[in-house]
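**Student:** Structure incoming, see below.
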Amino acid sequence: MTRLDGRVALVTGGARGIGRAVCAAFAREGARVAVADKRKVDARTTADALSKRGLAVAMDVTDLLSILDGVGAVEVAWGGIDILVNCAGIFNMASLDKITYEDFRRQYDVNVGGTIFVCQAVVPLLKKRGGGVIINFASQAGRRGEANVTVYCSTKAAVISITQSLALELAQFNIRVNGIAPGVVDTPMWDHVDSQFAEYESKALGQKKREVGQAVPIGHMGTPAEIADPCVFLASDEARYITAQTLNVDGGNWMS
């Protein structure tokens, strides 16, 4: 028996990076995994790699109809959902004088609204199952402020708060809600992050990425698999008495 045998998981932002690693880890542990992403081709590639355990689902977490259509497709295909992982997220830097309303709105719509409204769509299916698990992806940036990253940091702090509130609201339905706060992780997103730090801190491309990796107490940037494995734990019955927590998976960058 594997830890997630027979369960159905929906992973938003599942096509690439950490989301892709979570999908692979869940499938290895026996789950059927719906790879939900607005990148349709990448979602299909990720799902195909899981063979019969994978299902590609087109989903834009900022579009309520797209969310409902995606969740409905999973229910039609597999009868319901047991595990939801909210991994979809975006990052952008801007000093206070350069923050635009459009960028503010976009980051909040994806990182915060996406988390709330995908939960809203999936929770009725979890209730039908008699319970389930929600895992929200925050960030070490949600634990502390960072210069020139006001909007992103605040969205991830909001995800931690959402996790706590929903855990208390949904405990009566046997639904556990936890979060993961990754540190610096070597994904395609970090190439984007590095290029923005290069602009704001006058660094050469790649320099910030090397610096943050060297500064991690455990000695290196995380890999997507190193984030996915704790996600499997939180989704499993081994974590059955854990809810309302956000686990730091960051090589020792932040202590709480």
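**Student:** Filter the range 26-52 for residues that are surrounded by 23 or more Cβ atoms within 10 Å (Cβ to Cβ) and touching an Asp or Glu at 6+ places or on another chain (Cβ under 6 Å) and give the result.
**Tutor:** A43 - this is the single residue of the range 26-52 that is surrounded by 23 or more Cβ atoms within 10 Å (Cβ to Cβ) and touching an Asp or Glu at 6+ places or on another chain (Cβ under 6 Å).
**Student:** Please determine, by comparing only the residues of the range 99-138 that are among the small types (G, A, S) and in contact (Cβ under 8 Å) with a residue 60 or more places away in the chain, which one is nearest to L68 (Cα to Cα). Spell out the reasoning first.
**Tutor:** Quick first cut of the range 99-138, residues among the small types (G, A, S) only: 113-114, 121, 130-132, 138.
If we keep only those that are in contact (Cβ under 8 Å) with a residue 60 or more places away in the chain too, we end up with 114, 138.
Values: G114: 12, A138: 23 Å.
Checked the range 99-138; the qualifying residue nearest to L68 (Cα to Cα) is G114.
**Student:** Please go through the range 59-74 and give me each residue that is more than 17 Å from the chain's Cα centre (by Cα) and either modelled with pLDDT under 95 or among the β-branched types (V, I, T) (or both), ordered by number.
**Tutor:** V74
**Student:** Specify the residue that is surrounded by the most Cβ atoms within 10 Å (Cβ to Cβ); the eligible residues are those in the range 173-192 that are under 22 Å from A15 (Cβ atoms) and out of contact with any strand residue (DSSP E or B) (no Cβ under 8 Å at 6 or more places or on another chain).
**Tutor:** It comes out as T187.
**Student:** Can we say L55 is closer than 27 Å to N174 by Cβ, in contact (Cβ under 8 Å) with a residue 12 or more places away in the chain, among the aliphatic types (A, V, I, L, M) and out of contact with any strand residue (DSSP E or B) (no Cβ under 9 Å at 6 or more places or on another chain)?
**Tutor:** Numbers: closer than 27 Å to N174 by Cβ: yes; in contact (Cβ under 8 Å) with a residue 12 or more places away in the chain: yes; among the aliphatic types (A, V, I, L, M): yes; out of contact with any strand residue (DSSP E or B) (no Cβ under 9 Å at 6 or more places or on another chain): no.
No; evaluated as a whole, the condition is false for this residue.
**Student:** Being over 14 Å from the mean Cα position of the chain (by Cα) and crowded, with 17+ Cβ neighbours inside 10 Å is the requirement here; does V149 meet it? Break it down stepwise before answering.
**Tutor:** On the way: over 14 Å from the mean Cα position of the chain (by Cα): yes; crowded, with 17+ Cβ neighbours inside 10 Å: yes.
Criteria met by V149.
**Student:** Which residue out of A77, A9, A34, A56 is assigned to a helix (DSSP H, G or I) and over 12 Å from the mean Cα position of the chain (by Cα)? Break it down stepwise before answering.
**Tutor:** On the way: A9 fails: assigned to a helix (DSSP H, G or I); A34 fails: assigned to a helix (DSSP H, G or I); A56 fails: assigned to a helix (DSSP H, G or I).
On inspection, the qualifying residue turns out to be A77.
**Student:** Sort out which residues of the range 193-213 are loosely packed, with under 14 Cβ neighbours inside 10 Å and either closer than 21 Å to G17 by Cα or within 18 Å of the chain's Cα centre (by Cα) (or both), and write them in order of number. If you could, list the steps in order and put the result at the bottom.
**Tutor:** Taking the range 193-213 as the starting set, the residues that turn out to be loosely packed, with under 14 Cβ neighbours inside 10 Å are 199, 201-202, 204-206, 210.
Once the filter is applied, which keeps residues that are loosely packed, with under 14 Cβ neighbours inside 10 Å and either closer than 21 Å to G17 by Cα or within 18 Å of the chain's Cα centre (by Cα) (or both), the range 193-213 yields L205, G206, R210.
The values are calculated or read from the model by the stated rules, or taken from the named source; none is laboratory data. No experiment lies behind these values; they were computed from the predicted model shown. Glycine gets a Cβ as well: all are built from the backbone with ideal geometry, and neighbour counts include every protein chain shown.
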